[in-house]
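FYI, it's all coordinate maths here, none of it is from the lab. As the structure is a computational prediction, the values presented were derived from the model and not from experiment. Note: ideal-geometry Cβ built from the backbone for every residue, glycine included; neighbour counts use all protein chains shown.
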Amino acid sequence: MYSVASSASYIPSLPREGAVLQPVRFGPGHAGLALAGLRQRLHDEHGESLEQDGLEQSGTTVAISHGEELVAALRIHAADTPQLRREMGALLRLERFAGSWPAESIVVGSRLSVLADYRTRPVIDLLMRETYRLVRDSGVRFGLISCAPELHALFAFYGFREYLPPAILPGGTATLRMALVCEYQADLLASQSPLLDLVRQPEIGESAHAWLAQAFPMLG
């Protein structure tokens, strides 16, 4: 079984132009150059600045290519990544998980990037399904994110639920704290998530959800 930190350490060749949408994985420290074009397009489209940050070297990135271009990407980290714990540990209450779950059973999503023309169900479904396969096969039990309120519906559709009240960041910006319990069928079924058919061990999801609901009563 491979881990989130090591399973995507290769960089496969991108499909030739005209090919269908394809998932691509990049291991820690390998995605920067490949994502340069995506970042430039996002800057041109929306003025979004997505330069490499302190989490770049520790993140595994799942991306979607169309032809020779990367059009969407989701970056995730193991919960014991030092820089991640410094930047997001308190916000996501990672210490609450530490006493009961090994660090490798928790991943945190730190950046979602999708070109405007590709913010469609086929692209996002493929991105989320490929990410789910990666974390499921790595033995992950919880996927955590912090996201803007306007993204609530998107993540809820794929099975994420708020496990803590919204937080107010420095500057007054609100952020949501959401969790996906891997292999928990009930949440995926309730939202008709495209991830539902990827569940392989539902009993694992049941026990993980029971713990999370007890640790974070808001979820229950």
Wrap a convex hull around the Cα atoms of segment 35-158, take a quarter of its surface area, and give that in square nanometres.
8.0 nm²
Checking rank on 161-172, 127-138, with mean other Cβ inside 10 Å and highest first, the result is 127-138, 161-172
Bin width 5 Å, origin at 0, all Cα-Cα pairs of the chain: what percent of pairs per bin?
1, 7, 15, 20, 21, 18, 11, 5, 2, 0
Contact order relative to length of segment 22-215, as percent, for alpha carbon pairs under 8 angstrom and 6 or more apart
17 percent
Computed over the chain: longest principal axis from alpha-carbon atoms vs helix 121-137 long axis, angle to nearest 10 degrees, is 60 degrees
Helix 36-46: angle to the longest alpha-carbon principal axis of the chain, degrees 0 to 90, nearest 10?
80 degrees
What is the gain in length, in nm to one decimal, between Leu151 and Asp44 on full extension, counting 0.36 nm per residue of separation less the C-alpha to C-alpha distance?
36.4 nm
Taking +1 at the Cβ of each Lys and Arg and -1 at the Cβ of each Asp and Glu, which of Thr61, Ala156, Met218 sits farthest along the dipole of the chain towards its positive end, judged by Cα position relative to the Cα centre?
Met218
Which angle from 0 to 90°, rounded to the nearest 10, does the C-alpha axis of helix 202-215 make with the longest principal axis of the chain?
70 degrees
